[in-house]
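Notes to accompany the following structure.
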Amino acid sequence: DQQVKQNSPSLSVQEGRISILNCDYTNSMFDYFLWYKKYPAEGPTFLISISSIKDKNEDGRFTVFLNKSAKHLSLHIVPSQPGDSAVYFCAASGISNFGNEKLTFGTGTRLTIIP
Amino acid sequence: DAGVIQSPRHEVTEMGQEVTLRCKPISGHNSLFWYRQTMMRGLELLIYFNNNVPIDDSGMPEDRFSAKMPNASFSTLKIQPSEPRDSAVYFCASSLSDPRDPQYFGPGTRLTVL
């Protein structure tokens, strides 16, 4: 049962335009969300996060929006640059059955920026 | 800092063989995580250690998988016996201590079981 879903396996965007990556979750107990970026042959790297008490968090060209009622979050990259071409993973944090916080990742979206 | 170090980077083995993956977390990090990445399921948490103690191993697929952290600077993930369906990329990650601290991932080990 995939609790964090990234329904678009891939996305292509023209350089300079806005890239919008989407993520949906099913568990209403998730209260902290993160985006990770992954280049080939490397591990994922942390990009940006948002707490459920906020609906927006911005860091330079990257903005994450959270819609709790829809259980949906999105990552906006503007303007998109060739170096942004990577796989982006959405992750949600919640308390596991063992009482510890646990990250649940989506399956990723491959973003390709077209020069 | 060298970041999280994993070895080997690639492993090809035959079904039934034992496989051991190794991880050195970032110095000073108290939490260590083992993940498995597959196309179908994305990144799945296998096991989480805090201060060298296993906290959550609910993601370990079955008894063929085991993980240890004998000290703060080393962890192993062992598969015995390995099966073709274990083929995946295995990542180790570490973080400071607060569960909400960002996790820093190693480059991964690509395992192929023939």
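The values are calculated or read from the model by the stated rules, or taken from the named source; none is laboratory data. A quick note: this is a predicted structure, and the numbers were derived from the prediction, not measured. Cβ sites come from the backbone with ideal geometry, for glycine too, and all protein chains shown count toward neighbours. All accessible areas refer to the heavy atoms of the entire protein, side chains included, with ligands and DNA or RNA removed. Shrake-Rupley method; radii C 1.70, N 1.55, O 1.52, S 1.80 Å.
Rounded to the nearest 10 Å², what accessible area does B:Ile5 have for a 1.4 Å probe in the complete protein model?
Looks like 80 Å² after rounding.
Once ligands and nucleic acids are excluded and a 1.4 Å probe is used, how much of B:His10 is accessible, expressed in Å² to the nearest 10?
Here the accessible area works out near 130 Å².
Over the heavy atoms of A:Lys54, what accessible area does a 1.4 Å probe trace out, to the nearest 10 Å²?
That residue has around 100 Å² of solvent-accessible surface.
Measure off, as a whole percent, the carbon and sulfur share of the 1.4 Å-probe accessible area of chain B, all protein chains present. Provide the component values of the computation, followed by the final result.
Details: 2800 of 5520 Å².
Carbon and sulfur together cover 51 percent of it.
Once amide H atoms are placed 1.01 Å from N in the peptide plane, what residues at a sequence separation of 5 or more from A:Glu15, or on another chain, have their amide H within under 5 Å of its amide H?
A:Ile114
Compute, for chain A, the length of the dipole vector about the Cα centre, with Cβ point charges of +1 (Lys, Arg) and -1 (Asp, Glu) only. Units Debye, rounded to 20.
For this selection, approximately 120 debye.
Any idea what the dipole of chain B comes to, in debye rounded to 20, about its Cα centre with Lys/Arg Cβ at +1 and Asp/Glu Cβ at -1?
I would put it at about 220 debye.
Per residue of the stretch A:78-83, what does 6.51 cos²θ - 1.76 cosθ + 1.60 with θ = phi - 60° give for ³J(HN,Hα)? Whole Hz please, x for Gly and Pro, Karplus curve as stated.
Each residue of the stretch A:78-83 in turn: 8, x, 6, 10, x, x Hz.
With chain A treated as a Gaussian network of Cα nodes joined by springs under 10 Å, which of A:Ser12, A:Ser93, A:Ser49 yields the largest mean-square fluctuation?
Looking only at A:Ser12, A:Ser93, A:Ser49, the biggest GNM fluctuation is shown by A:Ser12.
Debye calculation, C-alpha points only, no solvent: report log10 I(q)/I(0) for the protein assembly as shown at q = 0.14, 0.15, 0.18 Å⁻¹, in the same order as the q values.
The Cα Debye sum returns log10 ratios of -0.89, -1.01, -1.37.
Please say if the stretch A:33-95 is rounded, prolate or oblate, where rounded means a/c under 1.5 for a ≥ b ≥ c the square roots of the C-alpha gyration tensor eigenvalues, and otherwise the choice is prolate for a/b larger than b/c and oblate otherwise?
Working: a/c = 2.39, a/b = 1.45, b/c = 1.65.
It is oblate, given that a/c is not under 1.5 and a/b is not larger than b/c.
With every atom except the alpha carbons ignored, what do you get for Rg and Dmax of chain A, in angstroms?
13.8, 47
In square angstrom and rounded to 100, what buried accessible area do you get between chains A and B, total over both, with the probe at 1.4 Å? Don't skip to the end; give the middle numbers.
Values: alone 6500 and 6440 Å², together 11130 Å².
Buried surface at the A/B interface: approximately 1800 Å².
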